[in-house]
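First the structure, in the form of structure tokens, and then the observations on it.
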Amino acid sequence: MRFRAAIRNIKQHTNGWLYASLLGAVVVLLPIFTIFVSLFQPPNENWQHIKQYLLQDYVFQTVWLVLFTCLFTVLLGVTLAWLIAAYDFPLRRFFRWALVLPLAVPPYIAAYTYSTMLSYTGIVQTTLRNEFGVMPNPEWFGIMSMRGAIFIFTMFLFPYVYMITRSYLEHQSGSYIENAALLGRKPFSIFLFIVLPISRPAIVGGVILVVFEVLSDYGVSSYYGIQTISVAIFQTWFGMYDVDSAVRLAAWLMAGVVGIFVVERLLRHQRSFAASTSKSRPLTPKKLKGIRAAAAFMFCGLMFACSFLIPVIQLIVWAAWSYDDVLTPAFFELTYNTIGLALTATAIIMVFSVITANVVRQQSNVLTYVLARSVTSGYSVPGAIIAIGVLALFIGLDQWLAPLYARMGLGKAPLVLSMSLVMLVVAYVVRFMATGYNAVEAGFEKIGMKYTEASRLLGLGMTKTFFKVDAPLIKGALFSGVILTFVEIMKELPLALLLRPFNFETLATKTYQYASDERIYEASIPSLFIIGVSMVSVIVFHQLGKRLNS
């Protein structure tokens, strides 16, 4: 009976908005579905060689990198969140938002910046030799290794854990911590036995984001010579020109992502925490004095310097040395291409996000629940997998359209769509639909349904109601979604490297190209451009979080 009632409800609310949202879900799911279909096709000789001799090492390196990055991001992120939420010390208010800024520095930019700074001719070893007469062992500064990649990911991804955990501790943990203190618990005991257990959902949420970023990475792993599955996909595609084997590697990586989801769900199901009262008390920071205050200040300052201040200052210095060679008409054309591409993809994402979020909030049934999960699934899939899926999909589409191409005089089997920017735009839509959707959904949740229902009772349709009533009320959320999505697209490296047309570059790909060619100074200017725009995104995200929590 419930199923029939759900079908009847869907039929009653079927309209253009629902059809458009279903189209968006299909666009997101088709490339992912294409990856799974490839597993049922017969493998070639290259795949047999990869499976027998290389796959085990790819998996081991990837798992090793993910595990240790997660461990250190949890240690650093939770410690900083606890210090900021529970204690008051000099410049605490500054560090509260400044420790989010490392997210504005893409890890691949941080990777080549630190590797150059710590090299034999870099500023660190040069200063030690020339200014202090110290001849350090160069091996002490060897960062282009697994441990160096773990350091880079930890320093520039810990804000994911820090932000979510700090927000939870500030707004939900006050009564627990105060009660534990009244019962005689010491600060370390409270942190170990109270803070960590009750913060587990927030910590896991941040760690999952870190895992997605590490699995999606290509720039850091490739530059530091680490054979992860994402790097293997690139090497198989560009080195062996074997798309079929690259698709199978993507399927293995996708299986790992699904496994992470299953494990996280099982852990969450086995243990849960609930408040004993409906009233949550904010945590009141305890003022630190003397050595403790100085230690907290120095620790937060050191982390901020290493994860943001030092690399950005170094990039500014390099930019001052190289701007004459970089700021040419070609660079401005490159910037124009990047901004135009990002704006196009952002516009499409926001349109589908608004349509889908509006349908989901007005129709509460099984279909809309699946719809919401479908359009946001792309963000949890590494960029290399999406690139492979989109490429396979567009090649199949070109083959299907081959008779039409022949009639148009383009040849028997040309690659039209799969050699165009359309493919890259679709990949961006699949990857970052969740960014726009989550911002719009938050805006809709804040205004509720009362104004919309009143408008519908007065005879306005769904479309007119949105433009006259809903859109003015959620314009802040729309703006936040545009900014966050635009910046994510500008920073994205794997999708642009794999799917861009011939002789087309973005700021991200040009930065990586400069770094790969050991032209580090020239890479600083496009890097600073990306970081500057990303800082706007971080500030918008921070302000949006303050408004939602107020």
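Just so it is clear, none of the values below were taken in a lab; they were calculated from the coordinates. This one's a predicted model, so the numbers in the text were calculated from it and none came from an experiment. Using ideal geometry, Cβ is built from the backbone for each residue, glycine included, and neighbour counts are taken over all protein chains shown.
Remarks
- Taking a straight line from the alpha carbon of residue 464, these aspartates and glutamates sit under 16 Å away, with near neighbours fewer than eight places off in the same chain left out: 453.
- Rounded, prolate or oblate (a/c below 1.5 giving rounded, otherwise prolate when a/b exceeds b/c) for segment 395-438 by Cα gyration tensor: prolate
- Segment 327-550 shape via C-alpha gyration tensor axes, a/c threshold 1.5: oblate
- Spatial separation of Cα centroids for segment 465-528 and segment 298-370, in angstrom: 4 Å
- Remark on residue 87: its backbone amide H falls under 5 Å from those of 286, a criterion applied only to residues 5 or more positions apart or on other chains, H modelled at 1.01 Å from N.
- Straight-distance crosslink candidates among aspartates and glutamates, where the alpha carbon sits under 14 Å from residue 450 and sequence neighbours closer than 8 are dropped: 470
- Charge tally for residue 288 (other residues, Cβ to Cβ under 12 Å; Lys, Arg +1; Asp, Glu -1): +4.
- Exposure rule at most 16 other beta-carbon atoms within 10 Å, DSSP loop trypsin sites (Lys or Arg not before Pro): the chain longest free segment: 1-184
- Whichever aspartates and glutamates have a C-alpha closer than 17 Å to that of residue 475, once near sequence neighbours (fewer than 8 apart) are set aside: 441, 445
- Set 468/491; 51/491; 186/287; 286/446 screened for pairs whose C-alpha atoms are more than 25 Å apart: 468/491; 51/491; 286/446
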